[in-house]
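The values are calculated or read from the model by the stated rules, or taken from the named source; none is laboratory data. All values derive from a computational prediction rather than experimental measurement. Every residue, glycine as well, gets a Cβ built from its backbone with ideal geometry; the counts of neighbours run over all protein chains shown.
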Amino acid sequence: MRVKYLLLLSPFFFRCSGEDKIDCTIQNDQIVTLANGDNLTTPACWVHEARQGINSYPGVISYEGDSIYIMYDIGDMAGNFVEHYGTDILSDSSFNEAFIYTVVNGIDSTYENCCVLFTFPDRGPANFVLFTGEKIDEVLPVIKTYKLN
């Protein structure tokens, strides 16, 4: 009798054992609407959480499976993170907006040995902080998908 129950339940166990795993590549993507209404395209497994700001539009984009954690802050009062904290500033562009970025190490207690900062200066500014610098190759293509609303 135990064998019958085990055989009846075995398809359920095998079906849930990883076949439902989300394809976490930029080819399997989702459009994320940021707190200010702008858009960013991320892999489908990345999670977006808009936060409550007082005078700006903050939020977090993350993917635990690959230790990606990106904080963003958009608006007039957010300031320009790259110009304030950066030294070696690089530039690039998204679909319709130029941005600057820099790798930051040991600048102060807020961003000590931390991260890569991205700023879209003409968009509020819009700042993105990647807290794991070695993930820049995965995050830079996502930042380049930034679109104004």
task = Kindly provide the set of residues from segment 54-107 that are touching a helix residue (DSSP H, G or I) at 6+ places or on another chain (Cβ under 6 Å), under 13 Å from residue 129 (Cα atoms) and among the hydrophobic types (A, V, I, L, M, F, W, C), ordered by number.
result = 68, 100, 103, 104
request  = Could you tell me whether segment 96-113 includes any residue that is touching a strand residue (DSSP E or B) at 6+ places or on another chain (Cβ under 7 Å), more than 17 Å from residue 39 (Cβ to Cβ) and among the acidic types (Asp, Glu)?
outcome  = no
Selection within segment 1-37 - modelled with pLDDT of 90 or more and closer than 14 Å to residue 70 by Cβ = 32, 34
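Please work out which residue is modelled with the lowest pLDDT, limiting yourself to segment 129-149 and to residues that are assigned to a loop (DSSP other than H, G, I, E, B) and touching a strand residue (DSSP E or B) at 6+ places or on another chain (Cβ under 6 Å).
Within segment 129-149, the subset assigned to a loop (DSSP other than H, G, I, E, B) is 131-132, 144-146, 148-149.
Next cut, touching a strand residue (DSSP E or B) at 6+ places or on another chain (Cβ under 6 Å) only: 131, 145-146.
Numbers: 131: 82, 145: 94, 146: 93.
Among them, the one singled out is 131.
Quick one: which of 102, 119 is modelled with pLDDT of 85 or more, more than 25 Å from residue 50 (Cβ to Cβ) and crowded, with 16+ Cβ neighbours inside 10 Å? Talk me through it step by step, then tell me what you get.
Numbers: 119 fails: more than 25 Å from residue 50 (Cβ to Cβ).
Of the residues listed, the single one that is modelled with pLDDT of 85 or more, more than 25 Å from residue 50 (Cβ to Cβ) and crowded, with 16+ Cβ neighbours inside 10 Å is 102.
Out of the residues in segment 27-40 meeting the condition of being outside any strand (DSSP E or B) and surrounded by 15 or more Cβ atoms within 10 Å (Cβ to Cβ), tell me which one is nearest to the chain's Cα centre (by Cα). Reasoning before the result, please.
Let us first name the residues in segment 27-40 that are outside any strand (DSSP E or B), namely 27-28, 34-38.
Keeping just the survivors that are surrounded by 15 or more Cβ atoms within 10 Å (Cβ to Cβ) gives 34-36, 38.
Details: 34: 11, 35: 13, 36: 15, 38: 14 Å.
The residue in question is 34.
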